Each structure stands twice: as C-alpha cells, then as structure tokens.
C-alpha cells in the first residue's frame, strides 16, 4: 500500500493518514509550507555575503542521493575524475582556468588515464602560442588585413573624423 495515494489536501496543505511516523508528517507539512512561501532558499543560504553564491546546502537539501551525482559522473566532475573545478557558484571562482579545463571536456582526453598531463602540456602549448601571437609575422598582420576593430570602434572613428 502506498501512503501517497491516501494523502488529502486541505487549504493547500497535505493531510496524511494516521500512521506511526513520529514527527515526520508535521515536519514535512511545515517544510512544504515554508518552501511554498519562498523562504526556504533564503534560510539555506543564510549567513552568506551579499553576493553569496555557495549553493552547497540547497543542493544537499534537494539531493536524492543519486540524481546529482549521476549527472556529475556523466560530465566527469567527480573528485576522483578530476579535482580542479568541481564546485558550483564560486564567483569570481576560476574562470581563468578555462584553458586548462577545456581539455577535460574533449571526450578523447577525458577518458584517458593521463588526462592531467595532457591538459598541462596542451595548456602550456596554447599559452605559449597566445603569448607569441604578436611576434608571428603572418598572424600579427591579421588586424590590418581584416579590420574588425574598425567595426568595434566605429563610434570613436566617427567622432575623430569630424
């Protein structure tokens, strides 16, 4: 027998049939009304700075044990799969690690046992290439050949011509 089939609602509050559940029905009913009022998020995020973004407690609160962990595992975000950036809401966080974490998103690399070494070497190579762009003769001429900067700064060019 499923208890959920016997739940009735009165004034949008669930009324559960009598059972030897202890305080669980009262706690669940109060929590539901608390959540409907919109106060549960604020309560779970309390004691945060003004721009608080630590969503650990709300995520743990709604975690069913398997859903979020299976999503994380599918995207290779478990701590044993990679340990650099597996957290949520860490503003300003690690956006500067985009180049390093990029390599973990490529399926051929993410399944490799040496993904950390691959990421380090490819990040080093990409960083060196980015640093050398002004010194590479063909590449440094691209802005002169394709003047996209004039589109971006067109308002400034209009002002300076007049």
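The values are calculated or read from the model by the stated rules, or taken from the named source; none is laboratory data. Keep in mind the model is a prediction, meaning the values are calculated, not measured. Cβ: placed from backbone, ideal geometry, glycine included. Neighbour counts: every protein chain shown.
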Point to revise | Matching residues in segment 1-52 - criterion: being surrounded by 13 or more Cβ atoms within 10 Å (Cβ to Cβ), assigned to a loop (DSSP other than H, G, I, E, B) and modelled with pLDDT of 75 or more | key: 21
Study note, to complete from the structure: Over segment 106-145, the set of residues more than 30 Å from residue 75 (Cα to Cα) and surrounded by fewer than 10 Cβ atoms within 10 Å (Cβ to Cβ) is 131, 134, 135, 137, 138, 144, 145
Point to revise | Wholly enclosed helices (runs of 4 or more DSSP H) of segment 53-162 bearing at least 3 residues within 19 Å of the chain's Cα centre (by Cα) and modelled with pLDDT of 85 or more | key: none
Practice item. Write out, first by first residue and then by second, each pair whose Cβ atoms fall under 7 Å of each other, whose residues are 6+ apart or on separate chains, and whose first residue, in segment 52-80, is more than 21 Å from residue 28 (Cα to Cα) while the second is surrounded by 11 or more Cβ atoms within 10 Å (Cβ to Cβ) and at pLDDT 75 or above. Key: 76/104; 76/110; 78/72
